[in-house]
Amino acid sequence: MNYLITGATGDLGFKTLTYLQDKVESMHLFALARSEKKAAQLKEKGINVRLGDYSDLETLKQAFKGIDTLFFVSGNSDNRQAEHQNVIDAAKTAGISRIVYTSIANLDQSNSLLAPDHRYTEKAIKDSGITHTFLRNNWYLENEAAVLDAALKNKKLTTTAPTGKVAWALKREYAEAAANALLDATLPEIVELSGKPKSYLDLVDALNHNSSAKITIKYGNNQDFIDSLTSNGLPNEVAQFFLAIQKDIEKNELNFHSDQFEKLLGHPLTPLSEAVTEIISF
C-alpha cells in the first residue's frame, strides 16, 4: 500500500508524515512538493518526494502514479475549487483507490465563509467514485497565535466574539488523527474532528494559568480587533481574514462537539491550558 501526503511542506502535512513514518515503511510513503527547493527538508527525513502543483493537472497525474491512498490537504489559494478539482481528476486518472480529505467542521449545517469550497470538494470527491473519508476539522489552536501574542503584549485579549465558542485543538493532534485515518480503511465517510467547545474567556483563563500577567478580555468592535493584531506586527490583510473568522465564531459556526476525535486518536485531547504553551512563548 503506497501513501502520498499532499501539503507535505506545510505544518499539517509534515506532521502527518512524521506520525506515518513510525507506522509505514519508507518505500511506501510519498510526499507531494511544489519544487525541489521545498522538497529538500522532506528528502532529509528520508521521504520519497513527488513534484506537483494543485494548479497543474499534468504534474499531479504524474505525481500520483502508483499511489493507493491519498491524503488530500485542502489548498489555500483564491482558485481553490478549480485546484481541488485538479487533484480529484488526477487521482481518478492515476487509479488512486482512497482519498482522505481535510474538510471543515459540521459542514452539512455550516454557513462559514470557508464552507462553499469544502462543500464543492466533498461533492466532487463523491462524484469521482473514489472511496473516501472526510476529516471535518474544527479550528487549529495555532490559528489563534497572533491573538494570543497580542494578548500577552497588551495584557488583554481582544475579540469580537463574546458569545462564540470553538472546539480548538493542536495541529499535531489533527495530524495524528489524519495518520490514523489513512491507515484505517474501515472508517465512516465522515469523521468530525471537534473536541469540547471553548470560549475566548476560556482562552484567557488558559493564558492566565501559565502567565504571571493578569490578562483581561476585551469585547471590542472590528477596528479594535484589527488594531490589536496590526499593532503587534501582523499585516492588515491577514488581520482582516482573522476578523472574518471572528464573525464566523460569533455565529457559532465552530461551536460543534463530537467524540469521534478522541476515539480516532485513542487518547484525550490536550487540555487548553497545556496546549497554549506549545504555540506561544510566555
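The values are calculated or read from the model by the stated rules, or taken from the named source; none is laboratory data. Predicted, not measured: the structure shown is a model, and the values here were computed from it. Positions of Cβ are generated from backbone atoms using ideal geometry, with glycine treated the same way; all protein chains shown enter the neighbour counts. Quick note on the areas: whole protein, heavy atoms, side chains included, nothing else; ligands and nucleic acids left out. Shrake-Rupley method; radii C 1.70, N 1.55, O 1.52, S 1.80 Å.
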Would you be so kind as to identify which of Thr59, Gln21, Tyr3 lies farthest towards the positive end of the dipole of segment 1-87, taking Lys and Arg as +1 and Asp and Glu as -1 on Cβ and the Cα centre as origin? Gln21
Give the accessible area for His118 in Å² (nearest 10); use a 1.4 Å probe, count only protein heavy atoms, and leave out ligands, DNA and RNA. 10 Å²
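Which value in deg cm²/dmol, rounded to the nearest 500, describes the helix-derived mean residue ellipticity at 222 nm for the chain, given -39,500 (n - 2.57) per DSSP H run of n ≥ 4 and division by the residue count? Mind dumping the intermediate values first?
Values: 12 runs with 123 residues, N = 282.
Per the formula, -13000 deg cm²/dmol.
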Over segment 37-86, with a single point scatterer placed on each C-alpha, what log10 of the ratio I(q)/I(0) does the Debye formula yield at q = 0.13, 0.22 1/Å? -0.35, -0.95
Exactly which trypsin sites (Lys or Arg not before Pro) in segment 74-105 are in a DSSP loop and have at most 12 other Cβ atoms within 10 Å? none
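Could you sort Val276, Val238, Val73 by their accessible area in this structure, using a 1.4 Å probe and putting the largest first? Display every interim value, and only then the final one.
Working: Val276 0, Val238 50, Val73 20 Å².
Descending order: Val238, Val73, Val276.
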Loop only by DSSP, 16 or fewer other Cβ within 10 Å of the Cβ. Give me the GluC sites (Glu not before Pro) in segment 154-227 that pass, ordered by residue number. Glu189
Leu193's amide H: which non-local residues (gap 5+, or another chain) put their own amide H closer than 5 Å, with H modeled 1.01 Å from N in plane and none for Pro or chain starts? Arg136, Asn137, Asn138
Rounded tilt (10° steps) of 145-154 against the dominant C-alpha axis of the chain: 20 degrees
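For segment 1-111, with all protein chains present and a 1.4 Å probe, just round the carbon and sulfur fraction of the accessible area to a whole percent. Show your work: numbers first, answer last.
Details: 2200 of 5090 Å².
With neighbouring chains kept in place, the figure for segment 1-111 is 43 percent.
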Run the numbers on the chain and let me know its relative contact order in percent, using alpha-carbon pairs under 8 Å that are six or more apart. 18 percent
Ignoring ligands and nucleic acids, Arg119 exposes an accessible area, probe 1.4 Å, in Å² to the nearest 10, of 100 Å²
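Return the carbon/sulfur percentage of the accessible area of segment 234-282, one whole number, probe 1.4 Å, all protein chains in place. Could the numbers behind the result be given before it?
Details: 1360 of 2600 Å².
Ligands and nucleic acids excluded, carbon and sulfur give 52 percent.
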Would you mind checking which residues have amide H under 5 Å from Thr133's amide H? H placed 1.01 Å from N; only 5 or more apart, or other chain. Ile99, Val100, Tyr101
Give the separation of the Cα centroids, segment 229-260 to segment 52-66, in Å. 32 Å
Using the scaling law 2.2 N^0.38 Å as the reference, what is the normalised Cα Rg of segment 152-282? 1.16
Cα atoms only, segment 73-182: Rg and Dmax in Å? 16.6, 54
Cα-Cα separations in the chain greater than 31 Å, expressed as whole percent: 29 percent
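Return one whole number: the accessible area per residue of segment 1-137 in Å², for a 1.4 Å probe. Walk me through the intermediate numbers first.
Numbers: 6100 Å² over 137 residues.
Heavy-atom accessible area per residue stands at 45 Å².
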Just to confirm the number: angle between the C-alpha axis of helix 115-128 and the first principal axis of the chain, 0 to 90 degrees, nearest 10? 20 degrees
Grab every C-alpha pair in segment 1-150, bin the distances at 10 angstrom width from 0 up to the longest one, and report whole percents. 11, 41, 35, 12, 1
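Provide, as a two-decimal number, the C-alpha radius of gyration of segment 120-229 over 2.2 N^0.38 Å, N being how many residues it has. Don't skip to the answer; put the middle values down first.
Working: Rg = 17.9 Å, N = 110, 2.2 N^0.38 = 13.1 Å.
Normalised Cα radius of gyration, segment 120-229: 1.37.
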Just how large is the dipole of segment 66-187 about the Cα centre, in debye to the nearest 20, putting +1 at every Lys and Arg Cβ and -1 at every Asp and Glu Cβ? 380 debye
Set of lysines with alpha-carbon distance to Lys251 below 23 Å, sequence-local pairs under 8 removed: Lys156, Lys165, Lys196, Lys198, Lys218
Set of lysines with alpha-carbon distance to Lys43 below 29 Å, sequence-local pairs under 8 removed: Lys15, Lys23, Lys61, Lys65, Lys92, Lys171
For the chain, built as a Gaussian network whose Cα springs stay under 10 Å, the top-fluctuating residue of Asn222, Asn76, Asn252: Asn76
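Restricting attention to segment 161-223, which trypsin sites (Lys or Arg not before Pro) occupy a DSSP loop and are surrounded by at most 11 other Cβ atoms within 10 Å?
Details: sites: Lys165, Lys171, Arg172, Lys198, Lys214, Lys218; in loops: Lys214.
Loop-located and lightly packed - Lys214.
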Roughly how many Å² is the accessible area per residue of segment 161-204, as a whole number, for a 1.4 Å probe? 32 Å²
